[in-house]
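Trainee: What follows is a single structure, and I will ask about it in a moment.
The values are calculated or read from the model by the stated rules, or taken from the named source; none is laboratory data. Everything numeric here is computed off the predicted structure, so don't read it as measured data. Note that each Cβ is placed from the backbone with ideal geometry, even for glycine, and that neighbours are counted across all protein chains shown.
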Amino acid sequence: MPALSPDSPAPNSPAPDSPAHQILRDVFGYGAFRAGQEEIVATLLAGTHALVVMPTGSGKSLCFQIPALVQGGLTVVVSPLVALMEDQVAALKLAGVAADTINSSRSYEVNAATWRRSAAGEVRLLYLAPERLMTERMVDALHRLPVTLIAIDEAHCISRWGPSFRPEYEALSRLGALFPETPIAALTATADAATRNDIADKLFDGKGRTFVTGFDRPNIRLAVEVRRDAKRQLLEFVGARSGQCGIVYCLTRKKTDETAAFLAANGIRALPYHAGMDKADRNRNQDLFMTEPGVVMVATIAFGMGIDKPDVRYVFHANLPGTMEAYYQELGRAGRDGAPADAHMLYGLDDIRQRRVFIEQEENDTAHKLREHKRLDALIAYCEVPECRRRTVLAYFGETAEPCGNCDVCLDPPAVVDGTEQGQMVLSAVARTGQRFGAAHVIDVLRGADTEKIRSTGHDRLATHGVGHEVDKDTWRSIVRQLVAVGHLRLDIAGHGGLSLTESGRALMRGETTFRYRRDTARPKAKARPKAGAAAGGDLELSQGDGELFASLKALRLGLAEERGVPAFVIFPDRALMDMARRRPRNEAEFADVHGVGKAKLRDFAAPFLELIAVAAEDAAGKDDPGTAL
């Protein structure tokens, strides 16, 4: 439900024959607005600011692109990534929209020519990075132009309450004062209530409307697994989904390269993607991922923004993400076609320490770091939760839900047992060893191990030495991890993962509270989702014949993209090619009815695609009537 401030009455939605609907059909080739889009468009056209929180892939960009084209004048779009700007501009140009960008990857001459066209009224949408927009020279120049709308993508970056604060974004808070008559659209895929309020306060003084669409993605099965043998766990998961398209997220560039090589050596068609690669190699791997079936992209978080691929069947996190917001955004790249998909995560105590280190190394104030630690706490709690995971995710974003029946906890509920005594043993061992040793040493003390480290520290003479010898190491690791997760133990992130007691931990030691933990048992291997249609790349509704045509259409799209030097998905998204494969249009009039075909793409691409479809029809007719070949 959209949240509405009291001083902003809801405008009427555009009529079916309105300019907004006409642009939706003629420019973008869509027959109807998606949920939420129409009211947001009407709000901006009425001159009212709007904060839009929509899940990845739900069509946020159209919410400001259509008002930009209806109103005329110049719309300034703020985007944080050069690659994302370039892709969005390329896609708009192919749709016949006068869009362009001025950014650091282009030469001075190219940027100067773009500005001259913008000043002459030849550009409708101009994409800029925040640091370029907020220079005194650019602001003065824009004041001389009819700026009718300002759109800010990834708007959560403006908020110090958010998980991805960027100092250069904070300067955007001056836009309301600098352009008081211009509506501002702030767009993001994930923002909790505190972040939403902060964005609205900074950008438009709390005035305007806030739209939050539902966060639930019920087709995605959620699962978290403790890391034991990471390579084996990854290979079992990916191998069980052979031939399906997926994304594997890794924490570092080095691990990305190593993981892609490991999967490739085991017969998986896996490709790496990270910011340290040559741009041409990144683009080639991205095009293969977008075009060919069964490709697995192993990537850092550099991959995913702006990628609209509907048939990603799984997202596998090899490491703990930084926040619940990041996790939700990344898993949301799976199952955009609505078909069943999986989000699977591995994590361990080392992940928690590393994430704490990252937070402390950031150049931010103490209050911001504290908020980031709390955000990480929420994600750790999600990993250890003994009840429905989906309820936990949705509760974080302020929504309620019944148990989903489609997460590992619902499908295989863990045993939750009283661990007060075991917890007290751990806490006692941590206290008696000086609150400076890591989990491995503490567990060795509990199990009565005879190691050089234990002898040299005299820890073999402690009363806690050997008190937990009957409990295996894996169980102790789980108990320690859960004591950290619920806040009874603190990790020394500045050192080497040393454990120390918190106030709640001391209360547990004194017997003033209890501790329950979930037993980590070996779960049965998750069954792979059934393959979703031969050659269809995951779309359940394509027949074998349609799937073969779909593959040919993808190959044609790739060739056209390479000729133009753009990513394949900006020619047509997969959904448009699937629609072509089903409809098999025979002429331009029928081609115009395909999802995503506007006037410009009808003009520029109808001929080659219609020719390919006609050849496929002739081949199919020949197979049905062998006599025609005689």
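Trainee: For region 110-120, indicate whether the set of residues that are in contact with a strand residue (DSSP E or B) (Cβ under 9 Å, 6 or more places away or on another chain), buried (at least 24 other Cβ atoms within 10 Å of the Cβ) and at pLDDT 95 or above is non-empty.
Mentor: no
Trainee: Tally the residues that are of a type in the set (A, V, I, L, M) and surrounded by 19 or more Cβ atoms within 10 Å (Cβ to Cβ), restricting the search to region 362-377.
Mentor: Adding up the residues that qualify gives 1.
Trainee: Could you list, in sequence order, the residues of region 180-206 that are part of a loop (DSSP other than H, G, I, E, B) and of a type in the set (A, V, I, L, M, F, W, C)?
Mentor: Matches in region 180-206: A189, A191.
Trainee: Restricting the search to region 14-23, which residues are in a loop (DSSP other than H, G, I, E, B) and surrounded by fewer than 20 Cβ atoms within 10 Å (Cβ to Cβ)?
Mentor: Residues satisfying the conditions are A15, P16, D17, S18.
Trainee: When the residues of region 234-251 are filtered to those that are surrounded by fewer than 18 Cβ atoms within 10 Å (Cβ to Cβ) and either not hydroxyl-bearing (S, T, Y) or not assigned by TED's automatic domain parsing to the domain that holds E384 (or both), which remaining residue is nearest to L149 (Cα to Cα)?
Mentor: Result: G243.
Trainee: What are the residues in region 235-283 that are closer than 16 Å to K309 by Cβ, in a loop (DSSP other than H, G, I, E, B) and hydrophobic (A, V, I, L, M, F, W, C), if any?
Mentor: C245, the sole residue that qualifies.
Trainee: Right, here's the next one. Between a residue in region 388-403 that is over 17 Å from P55 (Cα atoms) and any residue that is surrounded by fewer than 21 Cβ atoms within 10 Å (Cβ to Cβ) and among the charged types (D, E, K, R), which pairs come within a Cβ distance under 6 Å, given they are 6 or more apart or on different chains?
Mentor: Correct list of pairs: A401/R391.
Trainee: Considering only residues of region 41-68 that are β-branched (V, I, T) and touching a Pro at 6+ places or on another chain (Cβ under 7 Å), which is surrounded by the fewest Cβ atoms within 10 Å (Cβ to Cβ)?
Mentor: Only one residue tops the list, namely T48.
Trainee: Another one. Out of (1) surrounded by fewer than 19 Cβ atoms within 10 Å (Cβ to Cβ); (2) in the same structural domain as Q329 (by TED's automatic domain parsing); (3) in contact (Cβ under 8 Å) with a residue 40 or more places away in the chain; (4) not β-branched (V, I, T), what's the single condition that is false for A264?
Mentor: Checking A264 against (1) surrounded by fewer than 19 Cβ atoms within 10 Å (Cβ to Cβ); (2) in the same structural domain as Q329 (by TED's automatic domain parsing); (3) in contact (Cβ under 8 Å) with a residue 40 or more places away in the chain; (4) not β-branched (V, I, T), the one that fails is (3).
Trainee: I'm told M290 meets every condition in (1) at pLDDT 85 or above; (2) aliphatic (A, V, I, L, M); (3) surrounded by 19 or more Cβ atoms within 10 Å (Cβ to Cβ) except one. Can you identify the failing condition by its number?
Mentor: (1)
Trainee: Follow-up. Take the conditions surrounded by 14 or more Cβ atoms within 10 Å (Cβ to Cβ), in contact with a helix residue (DSSP H, G or I) (Cβ under 9 Å, 6 or more places away or on another chain) and either modelled with pLDDT of 90 or more or not in a helix (DSSP H, G or I) (or both) and apply them to I380. Does it pass?
Mentor: no
Trainee: Now a separate question. Counting just the residues of region 24-59 that are assigned to a helix (DSSP H, G or I) and not charged (D, E, K, R), which one comes out nearest to A185 (Cα to Cα)?
Mentor: L44
Trainee: Being assigned by TED's automatic domain parsing to the domain that holds L44, touching a Leu at 6+ places or on another chain (Cβ under 9 Å), surrounded by fewer than 17 Cβ atoms within 10 Å (Cβ to Cβ) and closer than 17 Å to L44 by Cα, is that true of even one residue in region 69-76?
Mentor: Yes, there is a match, as at least one residue in region 69-76 is assigned by TED's automatic domain parsing to the domain that holds L44, touching a Leu at 6+ places or on another chain (Cβ under 9 Å), surrounded by fewer than 17 Cβ atoms within 10 Å (Cβ to Cβ) and closer than 17 Å to L44 by Cα.
Trainee: How many residues are among the aromatic types (F, W, Y) and within 30 Å of V212 (Cα to Cα) if we restrict to region 384-443?
Mentor: 2
Trainee: Continuing with the same structure: Does E387 fit the bill of being touching a His at 6+ places or on another chain (Cβ under 8 Å), charged (D, E, K, R) and either assigned by TED's automatic domain parsing to the domain that holds E325 or loosely packed, with under 14 Cβ neighbours inside 10 Å (or both)?
Mentor: When the stated conditions are applied, E387 does not pass them.
Trainee: Considering only region 194-238, state which residues are of a type in the set (D, E) and either at pLDDT 95 or above or over 14 Å from H156 (Cα atoms) (or both).
Mentor: Passing the criteria: D205, D216, E225, D229, E236.
Trainee: Regarding region 89-102, can at least one residue be identified that is farther than 25 Å from K601 by Cα and either modelled with pLDDT of 95 or more or surrounded by fewer than 21 Cβ atoms within 10 Å (Cβ to Cβ) (or both)?
Mentor: no
Trainee: Also, I was wondering about something else. Is there a residue in region 527-534 that is crowded, with 19+ Cβ neighbours inside 10 Å, over 23 Å from G29 (Cα atoms) and modelled with pLDDT under 80?
Mentor: yes
Trainee: Anything in region 433-460 that is small (G, A, S) and under 20 Å from G348 (Cβ atoms)? List them, or say none.
Mentor: Answer for region 433-460, where residues must be small (G, A, S) and under 20 Å from G348 (Cβ atoms): G438, A439, A440.
Trainee: Continuing with this model, one more query. I'd like to check something: does region 274-286 contain any residue that is modelled with pLDDT under 95 and either under 28 Å from G338 (Cβ atoms) or in the same structural domain as R477 (by TED's automatic domain parsing) (or both)?
Mentor: Yes, region 274-286 has at least one match.
Trainee: State all residues of region 176-188 that are surrounded by fewer than 23 Cβ atoms within 10 Å (Cβ to Cβ) and hydrophobic (A, V, I, L, M, F, W, C); if no residue qualifies, say none.
Mentor: Of everything in region 176-188, those that are surrounded by fewer than 23 Cβ atoms within 10 Å (Cβ to Cβ) and hydrophobic (A, V, I, L, M, F, W, C) turn out to be A177, L178, F179.
Trainee: Being crowded, with 17+ Cβ neighbours inside 10 Å, at pLDDT 85 or above and outside any helix (DSSP H, G or I) is the filter here; which residues of region 390-405 pass it?
Mentor: Within region 390-405, just C404 meets the criteria.
Trainee: Considering only region 567-612, state which residues are among the acidic types (D, E), out of contact with any Asp or Glu (no Cβ under 7 Å at 6 or more places or on another chain) and either in a loop (DSSP other than H, G, I, E, B) or surrounded by 18 or more Cβ atoms within 10 Å (Cβ to Cβ) (or both).
Mentor: Scanning region 567-612 gives D579, D593.
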